[in-house]
1. When only residues in the range 1-32 that are at pLDDT below 95 and open to solvent by less than 20 Å² (accessible area, probe 1.4 Å) count, which is nearest to ARG52 (Cα to Cα)?
2. Can you find a residue in the range 135-156 that is under 18 Å from CYS72 (Cα atoms), in contact with a His (Cβ under 7 Å, 6 or more places away or on another chain), surrounded by 17 or more Cβ atoms within 10 Å (Cβ to Cβ) and not β-branched (Val, Ile, Thr)?
3. Would you mention how many residues in the range 147-162 are out of contact with any Phe, Trp or Tyr (no Cβ under 6 Å at 6 or more places or on another chain) and within 27 Å of GLU56 (Cα to Cα)?
4. Mind listing just one residue for me: the one in the range 87-113 that is touching a Leu at 6+ places or on another chain (Cβ under 6 Å) and of a type outside the set (A, V, I, L, M) and, of those, farthest from VAL34 (Cα to Cα)?
5. For the subset of the range 98-134 comprising residues that are of a type in the set (A, V, I, L, M, F, W, C) and part of a helix (DSSP H, G or I), which member is surrounded by the fewest Cβ atoms within 10 Å (Cβ to Cβ)?
6. Which residues, taken from the range 34-57, are surrounded by fewer than 17 Cβ atoms within 10 Å (Cβ to Cβ), touching a residue at least 24 places away in the same chain (Cβ under 8 Å) and closer than 22 Å to TYR153 by Cα?
7. So for the range 71-86 (the condition being among the acidic types (Asp, Glu), in contact (Cβ under 8 Å) with a residue 12 or more places away in the chain, surrounded by fewer than 17 Cβ atoms within 10 Å (Cβ to Cβ) and closer than 24 Å to ILE123 by Cβ), does at least one residue qualify?
8. Among THR33, THR90, which is assigned to a loop (DSSP other than H, G, I, E, B), closer than 27 Å to ARG138 by Cα, in contact with a strand residue (DSSP E or B) (Cβ under 6 Å, 6 or more places away or on another chain) and hydroxyl-bearing (Ser, Thr, Tyr)?
Amino acid sequence: MKPTDSDITIRRVLPEDACQIADIYNYYVRETTVSFEVAVLSVEDMRGRIERISGEYPYFVAERGGEILGYCYAHEWKERPAYRRTFENTVYLRHGLTSHGVGRRLMETLIDACRDVGCHALIACITTENEGSRRFHRALGFREVSHFSEVGYKLGRYLDVTDMELLLCQPE
């Protein structure tokens with residue numbers, strides 16, 4: 001069933017969301033080149049990631065009737081202090097749920113939250129063959145800023161990566 005705006009809640013992540021988030025993410029780990037991770041995550045590993053990331057950066061889930069439909073978060077882009085106002089974003093939806101507006105609502109919430117905490121640049125690192133994600137990010141105002149050839153290896157082949165950037169205007 002196609003979700004509608006009225007039946008979806010966007011909220012901050014909770015540690016107890018780890019089981020559903022791991023379920024969503026592990027599909028992409030096992031079946032696709034969307035994630036460069038090659039081993040599925042346990043619920044405990046996902047809970048640890050959620051606690052670590054959400055303690056410092058914005059992290060949201062889209063929920064309908066207790067079911068998590070997708071999630072997104074920002075995290076450190078690079079570890080050097082000069083990069084502290086640049087974040088990388090991550091967004092995943094339950095398999096088969098793209099093109100229904102859930103991802104857009106999640107990302108718009110994330111972008112606003114990043115702006116509120118002083119993020120200046122948001123980076124999306126996307127497997128180049130994932131045209132759907134690249135198109136999605138372009139629709140949100142991201143622009144392609146780099147291309148790396150054959151930097152990942154998964155499912156028996158080398159993969160390219162495209163970085164996309166969204167500059168967030170900061171009030172003076």
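1. Ranking the qualifying residues of the range 1-32, first place goes to ILE8.
2. Checked against the condition, which is being under 18 Å from CYS72 (Cα atoms), in contact with a His (Cβ under 7 Å, 6 or more places away or on another chain), surrounded by 17 or more Cβ atoms within 10 Å (Cβ to Cβ) and not β-branched (Val, Ile, Thr), the range 135-156 yields no hits at all.
3. 1
4. That would be PHE87.
5. Keep residues of the range 98-134 that are of a type in the set (A, V, I, L, M, F, W, C), which gives 102, 106-107, 110-111, 113-114, 117, 119, 121-126.
The next check asks that each one be part of a helix (DSSP H, G or I); those that pass are 102, 106-107, 110-111, 113-114.
Values: VAL102: 23, LEU106: 24, MET107: 23, LEU110: 26, ILE111: 21, ALA113: 18, CYS114: 22.
Only one residue tops the list, namely ALA113.
6. Hits for the range 34-57 are PHE36, VAL38.
7. Of the range 71-86, the ones among the acidic types (Asp, Glu) are 76, 79.
Keeping just the survivors that are in contact (Cβ under 8 Å) with a residue 12 or more places away in the chain gives 76.
Now narrow it down to the ones that are surrounded by fewer than 17 Cβ atoms within 10 Å (Cβ to Cβ): 76.
Then keep just the ones that are closer than 24 Å to ILE123 by Cβ; that gives 76.
Yes, some residue in the range 71-86 is among the acidic types (Asp, Glu), in contact (Cβ under 8 Å) with a residue 12 or more places away in the chain, surrounded by fewer than 17 Cβ atoms within 10 Å (Cβ to Cβ) and closer than 24 Å to ILE123 by Cβ.
8. Numbers: THR90 fails: assigned to a loop (DSSP other than H, G, I, E, B).
From the options THR33, THR90, the qualifying one is THR33.
The values are calculated or read from the model by the stated rules, or taken from the named source; none is laboratory data. Model, not experiment: these values are computed from the prediction. Glycine gets a Cβ as well: all are built from the backbone with ideal geometry, and neighbour counts include every protein chain shown. Please note that ligands, DNA and RNA were not included when accessible areas were found on the heavy atoms of the full protein model with its side chains. Shrake-Rupley method; radii C 1.70, N 1.55, O 1.52, S 1.80 Å.
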